[in-house]
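Working notes for the structure below.
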């Protein structure tokens, strides 16, 4: 059985800033940060969320280029915000 190397130091070229409402107080620098943040999203289900989750995991194991995971993470955050607003 082989070991899978996980590189938790992978970073995106540009960070993503997230937060509640208009205040973007948290900096997400790469896929590992994104996975930690996604555990706290208001909605953790659906194809957009799981696609972002998978791409972030694959970026940590060099399965995909990290920048691909960045765009999917942004989409998952936007989807969670939109779904939260629909409930309000």
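The values are calculated or read from the model by the stated rules, or taken from the named source; none is laboratory data. What you are looking at is a predicted structure, and each value in this text was computed from that prediction instead of being measured. Cβ atoms come from the backbone with ideal geometry, glycine included; neighbour counts cover every protein chain shown.
Go through (1) surrounded by fewer than 18 Cβ atoms within 10 Å (Cβ to Cβ); (2) in contact with a helix residue (DSSP H, G or I) (Cβ under 8 Å, 6 or more places away or on another chain) for residue 40 and report which single condition fails.
Evaluating residue 40 over (1) surrounded by fewer than 18 Cβ atoms within 10 Å (Cβ to Cβ); (2) in contact with a helix residue (DSSP H, G or I) (Cβ under 8 Å, 6 or more places away or on another chain) leaves (2) as the failure.
Residues in region 22-32 that are farther than 17 Å from residue 78 by Cβ and modelled with pLDDT of 95 or more: how many?
Taking region 22-32 and keeping what is farther than 17 Å from residue 78 by Cβ, we get 25, 27, 29-32.
Then keep just the ones that are modelled with pLDDT of 95 or more; that gives 27, 29-32.
The number of residues fulfilling the criteria is 5.
Mind counting the residues in region 1-33 that are surrounded by 10 or more Cβ atoms within 10 Å (Cβ to Cβ), in contact with a helix residue (DSSP H, G or I) (Cβ under 8 Å, 6 or more places away or on another chain) and outside any strand (DSSP E or B)?
Adding up the residues that qualify gives 9.
If residue 68 meets every condition in (1) free of Cβ contacts under 8 Å to residues at least 24 places away in the same chain; (2) in contact with a helix residue (DSSP H, G or I) (Cβ under 8 Å, 6 or more places away or on another chain); (3) in a loop (DSSP other than H, G, I, E, B) apart from one, which number is that one?
Failing condition for residue 68: (3).
Residue by residue, here is whether (1) in a helix (DSSP H, G or I); (2) touching a residue at least 12 places away in the same chain (Cβ under 8 Å) holds:
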site: 43; (1), (2): no, yes
site: 55; (1), (2): yes, yes
site: 62; (1), (2): no, yes
site: 85; (1), (2): yes, no
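Look through region 67-88, keep the residues that are at pLDDT 95 or above and farther than 19 Å from residue 39 by Cα, and return whichever of them is surrounded by the fewest Cβ atoms within 10 Å (Cβ to Cβ).
Ranking the candidates gives 67 first.
Does residue 80 satisfy being within 8 Å of the chain's Cα centre (by Cα) and outside any strand (DSSP E or B)?
Working: within 8 Å of the chain's Cα centre (by Cα): no; outside any strand (DSSP E or B): yes.
No; evaluated as a whole, the condition is false for this residue.
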